[in-house]
1. Picking from 139, 123, 119, which residue would you name as being surrounded by fewer than 23 Cβ atoms within 10 Å (Cβ to Cβ) and either under 30 Å from residue 223 (Cβ atoms) or hydrophobic (A, V, I, L, M, F, W, C) (or both)?
2. In the list 303, 285, 289, which residue meets the criterion of being touching a Leu at 6+ places or on another chain (Cβ under 6 Å), more than 24 Å from residue 184 (Cβ to Cβ) and not assigned by TED's automatic domain parsing to the domain that holds residue 155?
3. Does residue 32 satisfy the condition of being surrounded by fewer than 19 Cβ atoms within 10 Å (Cβ to Cβ), in the same structural domain as residue 96 (by TED's automatic domain parsing) and outside any strand (DSSP E or B)?
4. Looking at the stretch 300-313 only, could you name the residues that are in a loop (DSSP other than H, G, I, E, B) and either in contact with a strand residue (DSSP E or B) (Cβ under 9 Å, 6 or more places away or on another chain) or over 28 Å from residue 205 (Cβ atoms) (or both)?
5. Filtering the stretch 49-79 down to residues that are closer than 30 Å to residue 192 by Cα and in contact with a Ser or Thr (Cβ under 7 Å, 6 or more places away or on another chain), which residue is surrounded by the fewest Cβ atoms within 10 Å (Cβ to Cβ)?
6. Scan the stretch 136-153 residue by residue and report those that are more than 21 Å from residue 25 (Cα to Cα) and in a helix (DSSP H, G or I).
7. Return the total of residues in the stretch 180-221 being crowded, with 19+ Cβ neighbours inside 10 Å, out of contact with any strand residue (DSSP E or B) (no Cβ under 7 Å at 6 or more places or on another chain) and part of a loop (DSSP other than H, G, I, E, B).
8. Going by the structure shown, is residue 235 outside any helix (DSSP H, G or I), farther than 16 Å from residue 30 by Cα and not assigned by TED's automatic domain parsing to the domain that holds residue 24?
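The values are calculated or read from the model by the stated rules, or taken from the named source; none is laboratory data. A quick note: this is a predicted structure, and the numbers were derived from the prediction, not measured. Cβ sites come from the backbone with ideal geometry, for glycine too, and all protein chains shown count toward neighbours.
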Amino acid sequence: MLPRAAPGGQAGGVPTARAPGRVTLIGEHTDYNAGLSLPMAIDLVTEASFTPKPGSFLVSLRSDQYPWPLEISLRGTDPTPPEAVLAASLIRLSNLTEGGTIRVTSTLPIGAGLSSSAAFSVAILLALGNMGEPRTIAALCQAAEASAGSRVGLLDPLAIMEGQAGHALRIDFSTYETRQIPVPEEAAFIVVHCGVERALGASPYAIRRSECEMAASHIGRALGRCELADLSALHDPVLRRRARHVITECGRVREVERLLRRRNLVGVGAVMTDGHRSLAEDYKVSITVVDELVDRLLSMPGVYGARMTGGGFGGCVIALCAPDSPALDPSIHAPLRAWRISPSPGAMLLER
């Protein structure tokens, strides 16, 4: 499936690639365990365009996130600025033969757990002319992140590539089968930043992955394909808790899918909150300020459920609310930053 096109949005006649951020309704830390997840693309986006310069071996990266342009050499021998390492990996994977200028703008906050890095990667890959199935683009994103020193799964780029307005995306990471799950129009969402930026490279994220790999090795299959009865094969209590989160989280994905189809938002909220408790207690990827923010949101009128979203160790909490909930007003969460979001279209090229 090729990225969809939409009218408008050209930068000086150069096609612009738009990639949304994403939140996870339920199904966190299941992608690298061959499990289930239910993310959705959101209406905070990153846009990128590329203007080639024939004969040049330099790519100038101009972004509203940097105070000055960053220069990236196509030769691969010149030093790359630390903040441009991911962009350099994306450029080299794109087999670019001539330099030029990449312009990037974004409404996505960095370090919030809303997939700003994956949106940046998808937008640049599409702007540089990479086309193909969503899994192909997602794999390029994953390879670029690995080259830049981050070990990440495919959840974020897949959700960004395949997002659909008004829907969440159910992904089975044992088969990579996806299907669109309608989100009722009366479902309202707010994401609130806890005030602590997250960076997976500086967190115990890699340790959690290795713990899951050890647990799966003891059991004899990927945790996303296990049942609770399989926990008896794990004698280490830490590995047992990690595996229990993955197994129960996959069950929560199935339950939220069922509840969404029945338009039972109260039930969906309860499962989301249960998922946060599992992430905090069994998987140990939450922190105190995030837990406190979840509890504060849950105490507000019209909030059905709340949980951390993203890899953990900071970032944002997502809350599912009734349409008239006061929690939906971003200003009420000051001084914390907040954004009202909705399930939105996936990545696309904007054309006239």
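1. Working: 123 fails: surrounded by fewer than 23 Cβ atoms within 10 Å (Cβ to Cβ); 119 fails: surrounded by fewer than 23 Cβ atoms within 10 Å (Cβ to Cβ).
Residue meeting the stated conditions: 139.
2. On the way: 303 fails: more than 24 Å from residue 184 (Cβ to Cβ); 289 fails: touching a Leu at 6+ places or on another chain (Cβ under 6 Å).
Just one listed residue meets the conditions, 285.
3. Values: surrounded by fewer than 19 Cβ atoms within 10 Å (Cβ to Cβ): no; in the same structural domain as residue 96 (by TED's automatic domain parsing): yes; outside any strand (DSSP E or B): yes.
Criteria not met by residue 32.
4. Step one: filter the stretch 300-313 for residues in a loop (DSSP other than H, G, I, E, B), giving 300-302, 310-313.
Selection gives 300, 301, 302, 310.
5. Restricting to residues being closer than 30 Å to residue 192 by Cα and in contact with a Ser or Thr (Cβ under 7 Å, 6 or more places away or on another chain), the top hit is 64.
6. 136, 137, 139, 140, 141, 142, 143, 144, 145, 146, 147
7. 1
8. On the way: outside any helix (DSSP H, G or I): yes; farther than 16 Å from residue 30 by Cα: yes; not assigned by TED's automatic domain parsing to the domain that holds residue 24: yes.
So residue 235 passes the test.
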